[in-house]
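The block underneath contains the structure these notes are about, expressed in structure tokens.
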Amino acid sequence: MKWCAPPETLRLRDDETHVWRVSLDQPAYRIQALYPTLVDEERERAGHFHTRTDRERFLVRRGLLRAILGRYVHSDPAQLRFCYGPHGKPALSPESTTAPLRFNLAHTNGVALYAITSGRELGVDIEYISADLTEEDIAKQFFSQPETDVLRSLTGQKRKDAFFTCWTRKEAYLKARGKELTLALHQFAVSLLPGAPAVLTYLQGDPREAARWSLQDLHPGPGYKAALAVEGVVGRLRCWQWPE
């Protein structure tokens, strides 16, 4: 997977999925340039963070979301307005665009991913691989029995990789559905064996649901795991790096 500089003119085809990778640790001049594009509510939220690093990362996260989406809908980033689903999933409000743009974002440890499609729901997740995490204890609490059984069959680094593969695929699917608060992680299962295709294997109570979604692993860089869930097929995946 290669992260490329984006073209001057962006075109999102119906059969494409775009993912942007950005560093949230930006120089002061870039943060200052993004700040005026934010609305008062976003600036107020930034002020609630206790550390300067967290405040600045939030400003960059929201500012770059506006900058990226503005390129797709050919609009001033400061004029974009957002609305939210019943469980908090963000979307562009109808006053901002009539285009069927769908997007989702995730961030951790100074890196953010923004995923974008046309007319298809999607979700993205990224996790920093923590060395001191006890994978089996978390899996017992949150994963389905088939997933837990696979983890127990693995050892060492393979187990850790499989755990984060499973976690990011499940979170991406939940975010795509907009059901992070209502669907328990153990009620559905994803593939996680090293080398196996990324798939949603089943959803409790709805045997046809798995066929509606595609999963795709992403590779944001050493020390991170990430995954994408897209309604229908991922199609052509294009990965952009926000310019340094």
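Read the figures in this text as sums done on the coordinates, not as results from a lab. All of these numbers come straight from a predicted model, not from anything done at the bench. Every residue, glycine as well, gets a Cβ built from its backbone with ideal geometry; the counts of neighbours run over all protein chains shown.
Going from the fewest other Cβ atoms within 10 Å to the most, the residues L59, L228 appear in the order L59, L228.
Computed from the C-beta positions of Q204 and T134 and an R0 of 30 Å, the FRET efficiency is 0.70 to the nearest 0.05. Note on the chain: with charges restricted to the Cβ of Lys and Arg (+1) and Asp and Glu (-1), its dipole about the Cα centre is near 320 debye. May I ask for the Rg/Rh ratio of the chain, computed from Cα atoms with Rh as the Kirkwood radius, given to two decimals? Result: Rg/Rh = 0.97.
Relative to the Cα centre, the charge distribution of the range 151-244, modelled as +1 at Lys and Arg Cβ and -1 at Asp and Glu Cβ, gives a dipole magnitude of about 180 debye. Determine the shape class of the range 132-244: with a ≥ b ≥ c the square roots of the Cα gyration tensor eigenvalues, call it rounded for a/c under 1.5, and otherwise prolate if a/b is greater than b/c, oblate otherwise. It comes out oblate by the Cα gyration axes.
Take every pair of alpha-carbon atoms less than 8 Å apart whose residues are at least six positions apart; their mean separation over the length of the chain yields a relative contact order of 25 percent.
In debye to the nearest 20, how big a dipole does the range 30-81 give about its Cα centre with +1 on each Lys and Arg Cβ and -1 on each Asp and Glu Cβ?
For the range 30-81, the charge dipole is close to 200 debye.
Against the chain, whose longest principal axis is taken from its Cα atoms, helix 52-73 shows a tilt of about 80°. Would you work out if the range 1-69 is rounded, prolate or oblate? Take a ≥ b ≥ c from the square roots of the eigenvalues of the alpha-carbon gyration tensor; rounded if a/c is under 1.5, else prolate when a/b is larger than b/c, oblate otherwise. Prolate shape, in that a/c is at least 1.5 and a/b is the bigger ratio. Ranked by how many other Cβ atoms sit within 10 Å of their own Cβ, fewest first, the residues Y84, Y114 fall in the order Y84, Y114.
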